[in-house]
Amino acid sequence: MHLLITNDDGISAPGLLALKQALAPLGPVTVIAPSRNYSAAGHRKTLHKPLRIDAARLDDGSPAWVCSGAPSDCVAVALLGFVKERIDLVVSGINPNTNLGQDITYSGTVTAALESVIGNIPGLAVSTEAQGPADYAQAGRIAARVVGSLARQPLPTGVALNLNVPHGPLRGIRFTRQGCSQYHDRLVERLDPRDRPYYWIGGEPPTGLADEGTDFWALEHGFVSITPLHLDLTAHEALPALAAWNLED
């Protein structure tokens, strides 16, 4: 199984190295990661300027590629032909801090995995609740276990997995649905030295509703959360109500 590994924290992020080292025993690995941090960049594609891809090395000396674009660009260029060998699975991470609820739409980690789905390759996004070496190692071990399962039992077409690993001792693994985030953002307005206003989006970190069966619930109770995702954002339950509008009358 040939794995493509990327992330949204940049080529030098410790989570990327931890993921590569955890997955290397499973088969050939190609690493293509952004040249800088793209956290919260979402699902973006660079079309207005050229992309540069240069040879690099990770901190353990292993070869990698560094790309001037976003995480989804790294996946796109690989699948479109930069990587000549067939890619069987795209794995993105390990992201410090979890990607739960609606945060997945902001997450470069998750959207890199979803970009692989566009290319008809399954994707796995990996995030951990904390950021220490032990947390990365634990998330790497779980990711390797999931990748091993994917090699034996492939995902349905168009599906990616969002894996989140809690900090500390694990109670087990749960397959979950996407939860509901609660945002506490506020707009901070300040003046620059020329008295022109500028703005920050500030406030407290988001929380989530820990309804049983959701990704938030799993992490709160010490379980690993694995959520299947797809790119069909259609609100199917709304279609009958919209049909009653009779807009063609």
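Against the condition modelled with pLDDT of 95 or more and in a strand (DSSP E or B), how does ARG194 come out, does it pass? Answer is no for this residue. Of all the listed residues (TRP245, TRP200), the sole one being farther than 15 Å from SER127 by Cβ, open to solvent by 90 Å² or more (accessible area, probe 1.4 Å) and not in a loop (DSSP other than H, G, I, E, B) is TRP200.
The set of residues in the stretch 24-69 that are at positive phi and either crowded, with 17+ Cβ neighbours inside 10 Å or in contact (Cβ under 8 Å) with a residue 24 or more places away in the chain (or both) comprises GLY27, ALA40, GLY42. Report whether or not GLU189 is charged (D, E, K, R), surrounded by 14 or more Cβ atoms within 10 Å (Cβ to Cβ) and not in a loop (DSSP other than H, G, I, E, B). Against the criterion (charged (D, E, K, R), surrounded by 14 or more Cβ atoms within 10 Å (Cβ to Cβ) and not in a loop (DSSP other than H, G, I, E, B)), GLU189 does not qualify. On the given criteria, is SER72 in contact (Cβ under 8 Å) with a residue 40 or more places away in the chain, over 12 Å from THR6 (Cα atoms) and either of a type in the set (A, V, I, L, M, F, W, C) or surrounded by 12 or more Cβ atoms within 10 Å (Cβ to Cβ) (or both)? Taking the combined requirement at face value, the residue does not satisfy it. Filtering the stretch 104-127 to residues that are among the polar types (S, T, N, Q), touching a Leu at 6+ places or on another chain (Cβ under 9 Å) and within 17 Å of PRO166 (Cα to Cα) leaves only SER127.
Within the stretch 165-177, the presence of at least one residue that is without any contact (Cβ under 8 Å) to a residue 40 or more places away in the chain and under 21 Å from LEU209 (Cβ atoms) is confirmed. With respect to the conditions (1) open to solvent by 40 Å² or more (accessible area, probe 1.4 Å); (2) under 30 Å from ILE32 (Cβ atoms); (3) of a type outside the set (A, V, I, L, M), THR207 lacks only one, and its number is (2).
The values are calculated or read from the model by the stated rules, or taken from the named source; none is laboratory data. Computed from a predicted structure; not experimentally measured. Counting neighbours? That spans all protein chains shown, and the Cβs are built from the backbone with ideal geometry, glycine included. For accessibility, only protein heavy atoms count, side chains too; no ligands or nucleic acids. Shrake-Rupley method; radii C 1.70, N 1.55, O 1.52, S 1.80 Å.
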